[in-house]
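What follows is a single structure, written as structure tokens, with notes after it.
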Amino acid sequence: MPAEYSPHCLDIDCDAEISHIDLRMQEIVLQQLRRRGVIIAMSGGVDSSVCAALAVHAFGRERVLGLLLPEHESAGTSAQLGQVVAEQLGIEFLTEHIGPALEAVGCYRRRDEAIKVVFPEYTSAWKSKIIIAGGSHAGMTFFKLVVQTPNGELQEKRLPAKQYLQIVAATNYKQRLRKAMEYYHADRLHYSVIGTPNRLEYDQGFFVKGGDGLADVKPIAHLYKTQVYQLARHLRLPADVCNARPTTDTYSLAQGQDEFYFGLPYEKMDVALWCHNHHRPVEELAAALELPETAAARIYADIESKRRTTAYLHTPPLLIEPVDLPKLAGA
Amino acid sequence: MSDIRQQLRSYIEENFIVSASASLTDSDSLLDKGVVDSTGFIELITYLEERFAIEVRDDEMIPENLDSIDNLTTYVDRKLQAAATA
């Protein structure tokens, strides 16, 4: 039986971890992919900020280009904090406002059409977000649309399937257009694109296929969110980055990742995923999170359910017949 | 009730692409069998409300009502009877 859970089981040796990531990133980008440097989209959040700092560590600041990619509904602090990090790291950075492109493809219009079916009085002056609800059984969850009128009044209604899917599909344009911009600069410079998911996001499928899920190298996909915060502090990133709570920065109303997807704060999700990955019994997770065993069992079931339902996001295009191709050097 | 059961089975088999080899019994859990995921679940709710003209309340979204063809049949029948006597 593997080690039991302890409050220190997520502690890492930051220097050793950084050396390990350095070596692997150099192997992957320079030798296997044969690219000269890396592109990193910087949201001002802890994941992309740590990835940028790791990239500078691995390749030097001359081989890292930061991109700030705000849109009309980005939190004002996102691009601002991304710029602070880029300046602290001493890397070149560019701002590309993707709002006009999102307007052109109908991102906001298509989303608002779906919202108006649920709230006919909704206008573009209102704000909105989706929250997860239910959860009495893994997978038996549903979604609510929360809107805020211009005078600050909040209203919420359960989302029918068609409108839920249309809102998600429309907002996914944000991640996909950002990625298109990242690859424009990667192609122009012969660079690789860094993907910034942490282990929770990667394992549980919290990304958009062809959007933030698309990348050439993902340096922190093996690290729990708690460990990413440890690296952020070790790398002396700004306090606003090290102390920020994870958000989606996708909807016009502020939205935490826990209220949209995970259902638990990241500290607890980390513990749950660690215990699940180390085959710890339900009673041990219940004790670690100070929850009833029935609740801990539901968390395990939800982890497995999310893995099943998002497996297709990880799947590359499937072929009718296998086609032999040369492997990457050193792969 | 058998008509409700048959309608539910047809909808689930067609909409969630249940193959004949999956051999879904009326008592099987739709979630545990991987027939319905979280998006499928809200599609199922929308179907129930539109097809049977019932309102599924938030507090009724529990496995005991919705997680098998047996449970769905009993739940829909109960809601329709309640509406008829209201």
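Any read-out appearing in this document is the output of simple, stated calculations on the displayed coordinates, not a laboratory observation. Note that the structure is a prediction, hence the values are computed from the model and not measured. Cβ: placed from backbone, ideal geometry, glycine included. Neighbour counts: every protein chain shown.
Points worth noting:
- For A:Leu94, the conditions (1) in contact (Cβ under 8 Å) with a residue 40 or more places away in the chain; (2) within 14 Å of chain B (Cβ to nearest Cβ); (3) surrounded by fewer than 18 Cβ atoms within 10 Å (Cβ to Cβ); (4) among the hydrophobic types (A, V, I, L, M, F, W, C) all hold with the exception of (2).
- Filter pass, A:Glu267 being out of contact with any Gly (no Cβ under 9 Å at 6 or more places or on another chain) and within 14 Å of another protein chain (Cβ to nearest Cβ): no
- Of all the residues in segment A:30-42, those that are touching a helix residue (DSSP H, G or I) at 6+ places or on another chain (Cβ under 7 Å) and surrounded by fewer than 24 Cβ atoms within 10 Å (Cβ to Cβ) number 3.
- Number of positions in segment A:194-215 that are surrounded by fewer than 19 Cβ atoms within 10 Å (Cβ to Cβ) and in contact (Cβ under 8 Å) with a residue 60 or more places away in the chain: 1
- Residues in segment A:148-178 that are in contact (Cβ under 8 Å) with a residue 60 or more places away in the chain and out of contact with any Asp or Glu (no Cβ under 7 Å at 6 or more places or on another chain): A:Gln148, A:Ala170, A:Thr171, A:Tyr173, A:Leu177, A:Arg178.
- Meets criteria (in a loop (DSSP other than H, G, I, E, B), touching a residue at least 40 places away in the same chain (Cβ under 8 Å) and either among the aromatic types (Phe, Trp, Tyr) or touching a Ser or Thr at 6+ places or on another chain (Cβ under 9 Å) (or both)) for A:Ser48: no
- Of all positions in segment B:27-41, at least one carries a residue that is in contact (Cβ under 8 Å) with a residue 40 or more places away in the chain, surrounded by fewer than 20 Cβ atoms within 10 Å (Cβ to Cβ), more than 13 Å from chain A (Cβ to nearest Cβ) and out of contact with any Lys or Arg (no Cβ under 6 Å at 6 or more places or on another chain).
- Residue within segment A:281-303 that is over 28 Å from B:Lys33 (Cβ atoms), among the small types (Gly, Ala, Ser), surrounded by 14 or more Cβ atoms within 10 Å (Cβ to Cβ) and touching a helix residue (DSSP H, G or I) at 6+ places or on another chain (Cβ under 6 Å) present: yes
Residue-by-condition table, conditions (1) basic (Lys, Arg); (2) more than 7 Å from chain B (Cβ to nearest Cβ); (3) within 24 Å of the chain's Cα centre (by Cα):
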residue: A:Tyr122; (1), (2), (3): no, yes, no
residue: A:Ala125; (1), (2), (3): no, yes, no
residue: A:Ile130; (1), (2), (3): no, yes, yes
residue: A:Thr141; (1), (2), (3): no, no, yes
residue: A:Val147; (1), (2), (3): no, yes, yes
residue: A:Gly152; (1), (2), (3): no, yes, no
residue: A:Tyr164; (1), (2), (3): no, no, yes
residue: A:Ala169; (1), (2), (3): no, yes, yes
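- Whichever residue in segment A:59-84 is of a type in the set (Gly, Ala, Ser) and surrounded by 24 or more Cβ atoms within 10 Å (Cβ to Cβ) and, among such residues, is nearest to A:Tyr229 (Cα to Cα): A:Gly82
- Candidates A:Tyr224, A:Tyr191, filtered to the one that is within 17 Å of A:Glu17 (Cα to Cα), buried (at least 19 other Cβ atoms within 10 Å of the Cβ) and touching a helix residue (DSSP H, G or I) at 6+ places or on another chain (Cβ under 9 Å): A:Tyr224
- Any hit, segment A:4-19, residues being part of a loop (DSSP other than H, G, I, E, B) and closer than 30 Å to A:Ser252 by Cβ: no
- Flag for B:Leu72 being touching a Ser or Thr at 6+ places or on another chain (Cβ under 7 Å), in contact (Cβ under 8 Å) with a residue 60 or more places away in the chain and closer than 27 Å to A:Arg298 by Cβ: no
- Filter pass, A:Tyr251 being surrounded by 20 or more Cβ atoms within 10 Å (Cβ to Cβ), among the aromatic types (Phe, Trp, Tyr) and either part of a helix (DSSP H, G or I) or in contact with a His (Cβ under 8 Å, 6 or more places away or on another chain) (or both): no
- Residue list for segment B:59-86, filter: assigned to a helix (DSSP H, G or I) and crowded, with 18+ Cβ neighbours inside 10 Å: B:Asn65, B:Leu66, B:Ile69, B:Asn71, B:Leu72, B:Thr73, B:Tyr75, B:Val76, B:Lys79
- Test result for B:Val56, surrounded by 19 or more Cβ atoms within 10 Å (Cβ to Cβ), in contact (Cβ under 8 Å) with a residue 24 or more places away in the chain, within 14 Å of chain A (Cβ to nearest Cβ) and among the β-branched types (Val, Ile, Thr): no
- Residue, farthest from A:Arg307 (Cα to Cα), within segment B:31-65, restricted to residues that are out of contact with any Pro (no Cβ under 9 Å at 6 or more places or on another chain) and among the hydroxyl-bearing types (Ser, Thr, Tyr): B:Tyr47
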